[in-house]
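These notes concern the structure reproduced below.
Just so it is clear, none of the values below were taken in a lab; they were calculated from the coordinates. These figures come from a predicted structure and were not determined experimentally. Positions of Cβ are backbone-derived with ideal geometry, glycine not excepted, and every protein chain shown enters the neighbour counts.
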Amino acid sequence: MARREALILLAAATGRPQAGWLAHPDDVVPAGAAARLKQWVRRRRRTRVPIPLLTGRREFMGLSLVMRRGVFVPRPETEGLVERVEAWLARPGTGSPARIIEPCTGSGAIAVALARRAGARVIATDRSLPAVRLARLNARRQGVGRLVAVHHGNLLAGTGWAGRRGVDVVVANPPYIRAVDRVRLPPEVRRHDPAAALFAGPDGLGIVRRLAPAAAACLRPGGLLALEIGHGQGRGAKRLLAGGAWRGARVEHDLAGRERYLLATRTPSHSAPDRRDPTGGGPHPPLRTRGTVDKVWS
Ligand SMILES: C[S@@+](CC[C@H](N)C(=O)[O-])C[C@H]1O[C@@H](n2cnc3c(N)ncnc32)[C@H](O)[C@@H]1O
């Protein structure tokens, strides 16, 4: 096990920050914590379970978020997506507080980080009920339960903003792995991340294909679309933004130099493509909404 991983587990098992153990590496680990640590190491070796699912915690943008089995564990590169949205919101002339929609929220990492750090009001959605429950818990624990409303729904369905052109930002880290790439995924991912969080059809762009026109129908003129994509999908993803609704469409790279972020702003005049379903979601599960759009955005 790598030293970095061992240190994360040691800190979580003992409830003492990593810096404390680095400063006093010879201190004795209390018996209860040592037993927990041993059990975690054994489980990790046996099942390759990701560390955040052992400790129940994940650091994201400096926030300690609760993690649970069955909900996607946020990845470090997604912090780059949040940073890009934050930088965009910080430009002069951008009204505040911003109105943001985040479909595919998972644990709520993006929504909670933007509410905490930028004071944004966020409507988040997810098709998975365990994810919706966890995102609500994280929003409450981070003290932004009043800024973040989480809907159980399909993409933009249930947000109340489809077709209204009043949203400042649509940001998402949707599923984007090609179905054929399943066998190549490391066991940590294949066994422990829910399939519905990973795969998006033959080219991995199935969700982006539905989300882009839905986002165009709810963003205000000049509003930002910011999506995480997979390496090698840049050209195909950018092509989905052709047709006049978007300007400045570009793909940016993560810290490892891989294609990772698709960014574009809504043109002022072009009307959204004529779609029968402007939510991108179609029929969606019954809504279990706490905190309505009006409560969050009034
Ligand atoms: C890659 S995970 C990202 C989670 C979180 N945003 C993050 O970055 O950690 C994708 C999430 O999208 C959800 N999802 C998949 N299809 C969806 C859809 N059509 N509508 C809403 N959520 C969806 C999955 O349940 C999963 O939680």
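Below are the figures for this structure:
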item	result
Cα-derived Rg over Rh, computed across the chain with Rh taken as Kirkwood radius	0.99
Degrees separating the helix 31-47 axis from the principal Cα axis of the chain, which is the longest one	60 degrees
Gained length - ARG182 relative to ALA34, 0.36 nm times residue gap less alpha-carbon distance	49.7 nm
Value of relative contact order over the range 30-123, rounded to a whole percent, pairs C-alpha under 8 Å and six or more apart	22 percent
Residues whose placed amide H lies under 5 Å from that of LEU65, excluding near-sequence neighbours	ARG58, GLU59, PHE60
Spin-label pair ALA195/ARG68, simplified geometry with 7 Å Cα→Cβ offset, distance in nm	2.2 nm
For GLY222, residues with placed amide H under 5 Å, excluding near neighbours	ARG266, THR267
Hz values of 3J(HN,Hα) by residue in the range 232-237 - Karplus curve (6.51, -1.76, 1.60), Gly and Pro given as x	x, 9, x, 5, x, 5
Neighbour-count order for MET61, MET67, fewest beta carbons within 10 angstrom listed first	MET61, MET67
Computed magnitude of the charge dipole of the range 1-99 (debye, nearest 20; Cβ of K, R +1, Cβ of D, E -1)	680 debye
Dipole of the range 3-47 [Lys/Arg +1, Asp/Glu -1 at C-beta], most positive-end residue of VAL29, PRO17, THR47	THR47
Of all DSSP beta bridges in the range 69-297, antiparallel share, percent nearest 5	40 percent
Cβ crowding within 10 Å averaged over residues, with 124-132, 209-217, 73-81, 42-50 ranked highest first	209-217, 124-132, 73-81, 42-50
Cα centroid of the range 218-233 to Cα centroid of the range 75-119, whole Å	12 Å
Ranked by how many other beta carbons lie within 10 Å on average, peptides 5-15, 21-31 from highest	5-15, 21-31
Dipole magnitude of the chain, debye to nearest 20 (Cβ charges: Lys/Arg +1, Asp/Glu -1, about Cα centre)	720 debye
Per-residue HN-Hα couplings for the range 238-254 [Karplus 6.51, -1.76, 1.60; θ = phi - 60°; Hz; x = Gly/Pro]	5, 4, 5, 9, 6, x, x, 7, 10, 10, x, 5, 8, 10, 10, 9, 7
Residue-by-residue Karplus 3J(HN,Hα) for the range 126-143, coefficients 6.51, -1.76, 1.60, Hz, glycine and proline x	7, 7, 8, 5, x, 5, 4, 5, 5, 4, 5, 4, 5, 4, 5, 4, 8, x
Kirkwood-based shape ratio for the range 100-177, expressed as Rg/Rh from alpha carbons	0.94
Least to most buried among THR159, THR267, THR94 (fewest other Cβ within 10 Å first)	THR94, THR267, THR159
Sequence-separation-based contact order of the chain, relative, with Cα cut under 8 Å and 6+ spacing, percent	17 percent
